[in-house]
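Asks: Pasting a structure here, questions to come.
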């Protein structure tokens, strides 16, 4: 764990550095509030700061205030060292910005205990953040493929339709079906079908543009929302996707499979709604599949 120390007294700085290093902390030492604040702008800065309250220029409370005002910063634990008692600070400035304070002179045992508490609090906050992020992924992504799930890709489509209207730009929607996936599932088992699905998704995601969004709409059907893509661009993308899928066999634990995809494509003008685009793309997909595998149809919404 990294710790930043800010103290204008060289003796105090040296003692803190010796203690903290002895306890296994990675210590950065600064001589005043301004230097401490600059150090905390660097990537990978310490998340625990021990700040002397009374320093020339920017004092410890002011440094704490600037840290707390930066809402983009990862949580930090701020400990103020002061010759004052907290009750002597009539404005309660420390309580609003710092996590704890330690009156001088302090014992090494007490400081070590405070830092152990700080480390546990930061670890807990990291765990809570990771849990929130995992929950966000679980509620917006398909568990098998890692793609956007149905509700999320529809939300993205709504958003891109509004953007296209504002910018008067085209928007292409692709519905994609993996040909004969159901047959693979029946003959070789669901796990083999899942492996084919994941590999198809990997290849598709490697082929689309950064601005495109890919989601699993249902079963073996995928949806790509492709902003600023006109009819010519949509046809080129369709050919590229088909080539990416079919150029090489899919290798699975059940053997190798030759896989193709069928697609229905619609290019939107600004007056269309999400349900109309999806419906048109699905109708085009049905027409493509009826004509045979590895086909695509471009529909008029």
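The rows are residues; the columns are (1) modelled with pLDDT of 95 or more; (2) part of a helix (DSSP H, G or I); (3) over 28 Å from the mean Cα position of the chain (by Cα).
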| site | (1), (2), (3) |
| --- | --- |
| 94 | no, yes, yes |
| 116 | no, yes, yes |
| 123 | no, yes, no |
| 129 | no, yes, no |
| 139 | no, yes, no |
| 146 | no, no, no |
| 164 | no, yes, no |
| 173 | yes, no, no |
| 176 | yes, no, no |
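Asks: For residue 203, all conditions in the list (1) touching a strand residue (DSSP E or B) at 6+ places or on another chain (Cβ under 7 Å); (2) modelled with pLDDT of 95 or more hold save one; what is the number of the exception?
Replies: Tallying (1) touching a strand residue (DSSP E or B) at 6+ places or on another chain (Cβ under 7 Å); (2) modelled with pLDDT of 95 or more, residue 203 fails exactly one: (1).
Asks: Does residue 295 fit the bill of being within 21 Å of residue 167 (Cβ to Cβ) and touching a strand residue (DSSP E or B) at 6+ places or on another chain (Cβ under 8 Å)?
Replies: No.
Asks: So, in segment 208-220, exactly how many residues are surrounded by fewer than 17 Cβ atoms within 10 Å (Cβ to Cβ) and either more than 17 Å from residue 153 (Cα to Cα) or over 21 Å from the mean Cα position of the chain (by Cα) (or both)?
Replies: Qualifying residue count for the region: 2.
Asks: Sticking with this structure for a sec: Select from segment 236-261 the residues that are over 20 Å from residue 144 (Cβ atoms), under 31 Å from the mean Cα position of the chain (by Cα) and in contact (Cβ under 8 Å) with a residue 60 or more places away in the chain and list them in ascending order.
Replies: 237, 238
Asks: Taking the criterion of being assigned to a strand (DSSP E or B), in the same structural domain as residue 105 (by TED's automatic domain parsing) and crowded, with 18+ Cβ neighbours inside 10 Å, would at least one residue in segment 7-25 satisfy it?
Replies: So far as segment 7-25 goes, no, none of its residues is assigned to a strand (DSSP E or B), in the same structural domain as residue 105 (by TED's automatic domain parsing) and crowded, with 18+ Cβ neighbours inside 10 Å.
Asks: Can I ask one more? Within segment 240-282, considering only strands (runs of 3 or more DSSP E) that don't extend past its boundaries, which have at least 3 residues that are touching a strand residue (DSSP E or B) at 6+ places or on another chain (Cβ under 8 Å) and surrounded by 15 or more Cβ atoms within 10 Å (Cβ to Cβ)?
Replies: Hits in segment 240-282: 261-268.
Asks: Then there is this: Does segment 179-186 contain at least one residue that is part of a strand (DSSP E or B), assigned by TED's automatic domain parsing to the domain that holds residue 242 and over 25 Å from the mean Cα position of the chain (by Cα)?
Replies: Within segment 179-186, none of the residues are part of a strand (DSSP E or B), assigned by TED's automatic domain parsing to the domain that holds residue 242 and over 25 Å from the mean Cα position of the chain (by Cα).
Asks: Here's something else I'd like to know. Scanning segment 33-72 for residues that are farther than 19 Å from residue 104 by Cβ, touching a helix residue (DSSP H, G or I) at 6+ places or on another chain (Cβ under 7 Å) and part of a loop (DSSP other than H, G, I, E, B), which turns out modelled with the lowest pLDDT?
Replies: 57
The values are calculated or read from the model by the stated rules, or taken from the named source; none is laboratory data. Just so it is clear, the model here is predicted, and its values are computed rather than measured. Methodologically, a virtual Cβ is constructed for each residue, glycine included, from the backbone with ideal geometry; neighbour enumeration extends over all protein chains shown.
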